[in-house]
Amino acid sequence: MSIYIDDLNWRYATKKFDANKEVSPQDLQTLLEAIQLTASSYGLQPYEIIVVKDAALREKLKAHSWNQTQITDSSEIVVFANKTQITSSYIDSYLKDIAHTRGLNIEDLEGLKGMLESIIMKLNPEDQSNWAAKQAYIALGNLLSAAANLRIDTCPMEGFDVAKYDELLELKEKGLTTAVIATIGYRSEEDTTQFAAKVRKSKEDLITKL
Ligand SMILES: Cc1cc2nc3c(=O)[nH]c(=O)nc-3n(C[C@H](O)[C@H](O)[C@H](O)COP(=O)(O)O)c2cc1C
């Protein structure tokens, strides 16, 4: 079996973290680099990542996360906050970045600029935010796989109050909203979920080959 499949079988959505174990700064850097390298539609990366370590803030967040203990017992919370609106200035600064990085003239990117403006900016505000959130979920998936590769545990989480998170993390004023979060750290020996067999659709039910 491939090593990658071994990683995916090893991981599970951790319910109980060992509160005494911390992810090393070096491993955290690797995980954040995996997020940074994630693919996104047009390469726009319409999200920001907030890493929450502060214990007092995490206590507050836990109260708005169905009191799930992963919020306070994990090593860190990684918050995926998507842009609520894709503005022309955001697109312009992305195009400048491409031109600078690849040694191009900004005029060479007129075609891409026109496409981004006609496709993404034409979406209504709600659809723009949903599109941006979908991009953030790709980064979440990458984090889960990268962490499993390093034998670091994770729990992807949607069980929280988005409005309260946005307020406590001061996201609204930055044009962001919480898409999803992941807690990272090390499983507690007492977490019985780690011994439960994986429940997945059969390949026959999941996959159609045409
Ligand atoms: C987007 C997303 C949100 C989730 N939210 C929660 C959550 O709030 N709390 C939790 O304990 N598990 C949460 N889970 C974990 C899932 O229940 C779990 O991934 C699923 O049952 C498959 O099990 P496995 O990941 O352990 O293989 C979430 C998973 C995903 C992908």
Q | Residues (touching a Lys or Arg at 6+ places or on another chain (Cβ under 9 Å) and part of a helix (DSSP H, G or I)) located in segment 175-203 | A | THR192, THR193, GLN194
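Residues are listed down the side, and each one gets a yes or a no for (1) open to solvent by less than 80 Å² (accessible area, probe 1.4 Å); (2) at pLDDT 95 or above:
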| site | (1), (2) |
| --- | --- |
| SER118 | yes, no |
| LEU144 | yes, yes |
| ALA147 | yes, yes |
| LYS164 | yes, yes |
| ASP191 | yes, yes |
| PHE195 | no, yes |
| VAL199 | no, yes |
| LYS209 | no, yes |
Q.
For segment 68-76, check the following and say yes or no: at least one residue is out of contact with any Phe, Trp or Tyr (no Cβ under 6 Å at 6 or more places or on another chain), open to solvent by 40 Å² or more (accessible area, probe 1.4 Å) and over 23 Å from GLU126 (Cβ atoms).
A. yes
(Q) Just to check your reading of the model, which residue among SER118, SER75 is touching an Asp or Glu at 6+ places or on another chain (Cβ under 7 Å) and among the hydroxyl-bearing types (Ser, Thr, Tyr)? (A) SER75
Q: Within segment 2-11, identify whether any single residue is free of Cβ contacts under 8 Å to residues at least 40 places away in the same chain, more than 16 Å from the ligand (Cβ to nearest atom) and either assigned to a loop (DSSP other than H, G, I, E, B) or not polar (S, T, N, Q) (or both), and answer yes or no.
A: yes
Q: Would you mind stating whether GLU158 is more than 14 Å from the ligand (Cβ to nearest atom) and either assigned by TED's automatic domain parsing to the domain that holds THR69 or crowded, with 16+ Cβ neighbours inside 10 Å (or both)?
A: no
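Per-residue answers, yes or no, for (1) within 16 Å of the ligand (Cβ to nearest atom); (2) within 19 Å of the chain's Cα centre (by Cα):
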position: ILE35; (1), (2): yes, yes
position: ILE50; (1), (2): no, yes
position: LYS53; (1), (2): no, yes
position: ALA56; (1), (2): no, no
position: LYS60; (1), (2): no, no
position: SER74; (1), (2): yes, yes
position: LYS83; (1), (2): no, yes
position: LEU112; (1), (2): no, no
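Tally the residues that are hydroxyl-bearing (Ser, Thr, Tyr) and buried (at least 18 other Cβ atoms within 10 Å of the Cβ), restricting the search to segment 121-142.
First, pick out the residues of segment 121-142 that are hydroxyl-bearing (Ser, Thr, Tyr): 129, 137.
Then drop every residue that is not buried (at least 18 other Cβ atoms within 10 Å of the Cβ), which leaves 129.
Of the residues in segment 121-142, 1 are hydroxyl-bearing (Ser, Thr, Tyr) and buried (at least 18 other Cβ atoms within 10 Å of the Cβ).
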**Q.** Qualifying positions in segment 25-42 - touching a residue at least 24 places away in the same chain (Cβ under 8 Å) and surrounded by fewer than 12 Cβ atoms within 10 Å (Cβ to Cβ)
**A.** LEU37, ALA39
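The values are calculated or read from the model by the stated rules, or taken from the named source; none is laboratory data. Worth saying up front: this structure is predicted, and the values here are computed from it rather than measured. Glycine gets a Cβ as well: all are built from the backbone with ideal geometry, and neighbour counts include every protein chain shown. These accessible areas exclude ligands, DNA and RNA; they are computed on the full protein's heavy atoms, side chains included. Shrake-Rupley method; radii C 1.70, N 1.55, O 1.52, S 1.80 Å.
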